[in-house]
Amino acid sequence: MTSTRGRRLRPVWAYGVAVAFLVAATLVSALVGAADLNPVATLAALADRIPFVHLPSSLDSLDRAVLFEIRLPRITVAIMVGGLLSVAGAGYQGVFRNPLVDSGMLGASAGAGLGATLAIVYLGSAGPSAVPVAAFAGSLAGVAIAYLSGAVGGSGTTTLLLAGVAVGLFLTAVQTYVLQRSTQDLQQVYSWLLGSLSGATWQQAGEIAPYAAVSVAIVLLHGRQLDVLSVGDEEARALGTHPGRVRLIVVAACALAAASAVAVSGLIGFVGIVVPHVVRRLAGPSYRLVLPLSLLTGAGFLVLADTLARTVVSPAELPIGVVTALVGSPVFVWILRSTAAVRT
Amino acid sequence: MIHFRASTRTLALAAMAVVSAADALAGCASAASTPAGTASSPAASSPAAAAGSSFPVTVAASNGSVTIKAKPVRIVSLAPTATEDLYAVGAGPQVVAVDQDSDYPPGVPVTELSGLTPNLEAIARYRPDLVISYQNANGLVTGLGKLGIPVLIEPAAATLADAYAQIGQIGQATGHLTQARRVVATMKAQIAGYVRQAGAAHPGLTYYWELTANPFYSVTSSTFIGQIVGLFGLKSIADAADKASDGGYPELSEEYIIKAQPRIIFLADNQAADGGQTPAVVSKRPGWSAIPAVQDHEVIGLNDDIASRWGPRLPQLVAEIAQAVERASG
C-alpha cells in the first residue's frame, strides 16, 4: 500500500495534470478534422480571437466558417457534456457509496429516452426542436419518480438504487412500446439514443450553460459532505451532517447536470462511470478533489473521444459511444491494473 | 441498467444497419432474378405463363424459388414498395391487408401489421394465400411456410434492374405479368426521357444526399440512390467516405460536407409534418451558407416516401432530380 501512496498525485499536481490534459485535448481537437484546415493558419486564426492579439491567417471565409461555426461549437459542447456527465457520475457514486453508479442512473437515461421518443413520434413538425427540452424534462422526471419511489421504501441507498433500476426499466418499456407503434421514426430515435455531438451549435452551448453552471456549482460545494457521508449515515449524523438532505440536494444537482448534457448530446454512456474512477486512482478518494478533477478530466476525455469519432474514418464519422467504450475500456483496465484500489 | 444500455445499443446499430443490410441482401436477389421483360425466369419460359395468367408459377425471389399454386386472391403486403408494385400491376383487388407503413396508393387496406417485426398469427388471421415483405424477420418465411402460405421477400433494390425485376416478379406471382411488363416499360421510357432532357454528363456537378441530420447520414454513388442520381453524371460528396461504410451509407462529418462544397443538396427526410429537415431549416444551419447549393437555392426537399422506396413512382423521383440538375447546370 505504501507504493500506492507514492503514486498518488498531490492536489496541485493533480489539478495541473487535469488542466493540461483538457487544454491539450482542446487544442488537438481544434486543429484536426475532415475539412483538413491548415494547422498553422488555424492556430493563427484562433489566436487572432484573443483580445489584443492580431495575427494574420491564411484561412479563407469558408475555412473560417468551418472552424468557428462547426468545429469550435462542437468542441465546446463536448467539453460541457463530458464535464457534466463525469461530475454527475462522481456525485452519484458519492451519494450511493457505490462504484457502479453512473450519470444515467435512477431513470435519468430512460426518462430522457422516453421524452425524446415522445417528442419525435407525437410532435410532428415541432419534434426536432422539442427533443432537447423533452429529453431534459424526461431525464429530470425519471430521477424524480425513482427518488420518490425509493424514498417510500425506506432510507437506504440500496432501496433507492433498486427503485431507480425498476423505474428505468419501466420507462424504457414505455419508450419501446411507443416506438414500436411508429416504426417510421425508428431511425431518428435510435440516432438520438446512440448519442452524438454531430451538428452541435453555439446556441445549444448557450442554452444549457445556465443549468450546467448552477448544477456544477452545487455539486462541487458538497464535496466535503460527500466525504463525510462515505463513512456511513450513522457516523455522518454524529458529525452533524443530515444524510437525507445532502443526498436529496446532490441527487437533484446531478440530475440537472446529466439532464443538461443529455439534452444536447443524446445518451452517451461510459463517461460518467469511468472518469471518476480514473481520477480516484490518480488523486485519491476525497470528493473535494474527485468532483472538480472529474469535471476537468471528463471534459478532456469527451473532447478526445469526439475528435477520434470525427477523424478516424474521416470524412465519415463513428458514433461517439463506440469510441468512448472502444478506446476508454482498455485505457480504464490499464489504469485499474497499474494503480491500487481506492474506496469509493 | 447496464444490460438495458447494451441491448439498446445493439438494437440501435441494427436499426442503422437496416438500410445497408437490406441493400446487401438485394445484391443476392439481383443475382437470382432477371429483369422483367426478358423471358428467362423459370415460369415465364412456358408459353402460357408468358401471358401472365397460368398457375402454378415459380418465381425466384431473394428467399429462393417460391411456387404459387393458384392465382392469389388474398394477398398481404408487409412492404410499402411491394404495396405500390401490387397496385401498379393491377393486383390491387387481390390485396386484403397491407402493413402500417404502406400509404400509397390512397385507399389501400392499411392494418396494424408490421414488416419490421411481423407477428405471424396476426398475418395468418387474414388467411392470406400470398405474403410479400422486404425482409425475412421473426421467422416469417419458415413460419408461414408451415401454414402453407408462400412468402416472397423483395428486399431493398440494389440497382434499377432489381427494382424492375421485382415489379416483374410481383406481376408474375399475382397473374399480371403482362401489365407488369407494361409498367416497367413505361418507367424505363419516362426515366430515359428525363435523362435526355437534363443531360447525362455533368462532370462538375456534385451533390449531397441527406438521409438524416444530426448525425448526417448520406449515400455514395454506388448505392441504389447514387446510381439513380448518377444517371445524370453527378458525383456524391460521400464517395470520399466510401471505405468507412461497406453498405455505402456513411455518416459524414459536418465540416466535411461544408468543405466539399456540394452544388445540389437533396433532402430525403423532408416531410415537415414528421419533423423533417426542410430546405429552409437546412439553409439556416450555422456555417451552411458557405455551401454553393445553399447560396444558389439548390436545396431540394424530396418526397420522402418516393425517395426511400424502389417502386413504380421512381420516375417521379428522377423528374425531381432532373429539374434540380437542369437548374444547377443552366
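The values are calculated or read from the model by the stated rules, or taken from the named source; none is laboratory data. Predicted, not measured: the structure shown is a model, and the values here were computed from it. In this analysis, Cβ positions are derived from the backbone assuming ideal geometry, glycine residues included, and neighbour counts consider all displayed protein chains.
Annotations for the structure displayed:
- Of all residues in region B:87-105, none satisfies the criterion of being without any contact (Cβ under 8 Å) to a residue 24 or more places away in the chain, touching a strand residue (DSSP E or B) at 6+ places or on another chain (Cβ under 6 Å) and surrounded by fewer than 21 Cβ atoms within 10 Å (Cβ to Cβ).
- Taken together, the residues in region B:91-101 that are in a loop (DSSP other than H, G, I, E, B) and either at pLDDT 95 or above or charged (D, E, K, R) (or both) amount to 3.
- For the condition surrounded by fewer than 20 Cβ atoms within 10 Å (Cβ to Cβ) and away from chain A (no Cβ under 12 Å), B:Gly204 qualifies.
- Residues in region B:229-246 that are more than 11 Å from chain A (Cβ to nearest Cβ) and surrounded by fewer than 21 Cβ atoms within 10 Å (Cβ to Cβ) were compared, and the one that is nearest to A:Ala35 (Cα to Cα) is B:Lys235.
- Here A:Asp36 passes the criteria (1) outside any helix (DSSP H, G or I); (2) within 14 Å of chain B (Cβ to nearest Cβ); (3) touching a Leu at 6+ places or on another chain (Cβ under 9 Å) except the one numbered (3).
- Among the candidates A:Arg337, A:Arg281, residue that is at pLDDT 85 or above, in a helix (DSSP H, G or I) and away from every other protein chain (no Cβ under 13 Å): A:Arg281
- Residue in region B:283-290 that is more than 8 Å from every other protein chain (Cβ to nearest Cβ) and in contact (Cβ under 8 Å) with a residue 40 or more places away in the chain present: no
- Within the span defined as region A:182-190, every residue fails to be over 24 Å from B:Tyr217 (Cα atoms), touching a residue at least 40 places away in the same chain (Cβ under 8 Å) and part of a helix (DSSP H, G or I).
- In this structure, A:Ala126 does not qualify as without any contact (Cβ under 8 Å) to a residue 60 or more places away in the chain, within 13 Å of chain B (Cβ to nearest Cβ), surrounded by fewer than 23 Cβ atoms within 10 Å (Cβ to Cβ) and in contact with a Ser or Thr (Cβ under 8 Å, 6 or more places away or on another chain).
- Among the residues of region A:6-41, those that are in contact (Cβ under 8 Å) with a residue 60 or more places away in the chain and in contact with a Lys or Arg (Cβ under 7 Å, 6 or more places away or on another chain) comprise A:Gly33, A:Ala34.
- Any hit, region A:48-59, residues being away from chain B (no Cβ under 14 Å), among the small types (Gly, Ala, Ser), surrounded by 15 or more Cβ atoms within 10 Å (Cβ to Cβ) and in a helix (DSSP H, G or I): no
- Residue in region B:247-264 that is farther than 25 Å from A:Thr201 by Cβ and either away from chain A (no Cβ under 11 Å) or crowded, with 19+ Cβ neighbours inside 10 Å (or both) present: yes
- Flag for A:Gly89 being touching a Gly at 6+ places or on another chain (Cβ under 9 Å), more than 14 Å from every other protein chain (Cβ to nearest Cβ) and surrounded by 13 or more Cβ atoms within 10 Å (Cβ to Cβ): no
Residue-by-condition table, conditions (1) under 27 Å from A:Arg71 (Cβ atoms); (2) surrounded by 24 or more Cβ atoms within 10 Å (Cβ to Cβ):
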residue: A:Leu267; (1), (2): yes, yes
residue: A:Val271; (1), (2): yes, yes
residue: A:Val279; (1), (2): no, yes
residue: A:Ser294; (1), (2): yes, yes
residue: A:Val323; (1), (2): yes, no
residue: A:Val327; (1), (2): yes, no
residue: A:Val331; (1), (2): yes, no
residue: A:Ile335; (1), (2): no, no
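- Among the residues of region B:106-118, those that are loosely packed, with under 14 Cβ neighbours inside 10 Å and within 11 Å of another protein chain (Cβ to nearest Cβ) comprise B:Glu112, B:Thr117.
- Being assigned by TED's automatic domain parsing to the domain that holds B:Leu120, in contact with a strand residue (DSSP E or B) (Cβ under 8 Å, 6 or more places away or on another chain) and touching a residue at least 12 places away in the same chain (Cβ under 8 Å) is not true of B:Tyr207.
- Subset of region B:269-281 (residues that are more than 11 Å from chain A (Cβ to nearest Cβ) and either in contact (Cβ under 8 Å) with a residue 60 or more places away in the chain or hydrophobic (A, V, I, L, M, F, W, C) (or both)): B:Ala280
- Among the residues making up region B:234-251, those that are outside any helix (DSSP H, G or I), closer than 17 Å to A:Val312 by Cα and either at pLDDT 90 or above or in contact with a strand residue (DSSP E or B) (Cβ under 8 Å, 6 or more places away or on another chain) (or both) are B:Ser245, B:Tyr249, B:Pro250, B:Glu251.
- The condition (being in the same structural domain as B:Val89 (by TED's automatic domain parsing), in a helix (DSSP H, G or I), under 27 Å from B:Gln100 (Cβ atoms) and aliphatic (A, V, I, L, M)) is satisfied by just one residue among B:Ile132, B:Ile167: B:Ile167.
- Single condition A:Gly199 does not satisfy, out of (1) part of a helix (DSSP H, G or I); (2) facing chain B (nearest Cβ under 10 Å); (3) of a type in the set (Gly, Ala, Ser): (1)
- Check on B:Ala198, touching a residue at least 24 places away in the same chain (Cβ under 8 Å) and over 30 Å from A:Val264 (Cβ atoms): yes
- Every test in (1) acidic (Asp, Glu); (2) modelled with pLDDT under 95; (3) part of a helix (DSSP H, G or I) is passed by B:Glu84 save one, and that test is (2).
- Qualifying residue in region A:157-167 (condition: under 20 Å from the mean Cα position of the chain (by Cα) and either more than 8 Å from every other protein chain (Cβ to nearest Cβ) or buried (at least 24 other Cβ atoms within 10 Å of the Cβ) (or both)): yes
- For B:Ala137, the conditions (1) in contact (Cβ under 8 Å) with a residue 12 or more places away in the chain; (2) assigned to a loop (DSSP other than H, G, I, E, B); (3) under 30 Å from A:Ala35 (Cα atoms); (4) within 14 Å of chain A (Cβ to nearest Cβ) are fulfilled apart from (3).
- Residue-level check: of (1) touching a Ser or Thr at 6+ places or on another chain (Cβ under 7 Å); (2) assigned to a helix (DSSP H, G or I); (3) within 12 Å of chain B (Cβ to nearest Cβ), A:Thr176 misses just (1).
- Residue within region A:131-140 that is at pLDDT below 85 and either crowded, with 22+ Cβ neighbours inside 10 Å or over 25 Å from the mean Cα position of the chain (by Cα) (or both) present: no
- Test for A:Thr241: is it among the hydroxyl-bearing types (Ser, Thr, Tyr) and part of a loop (DSSP other than H, G, I, E, B): yes
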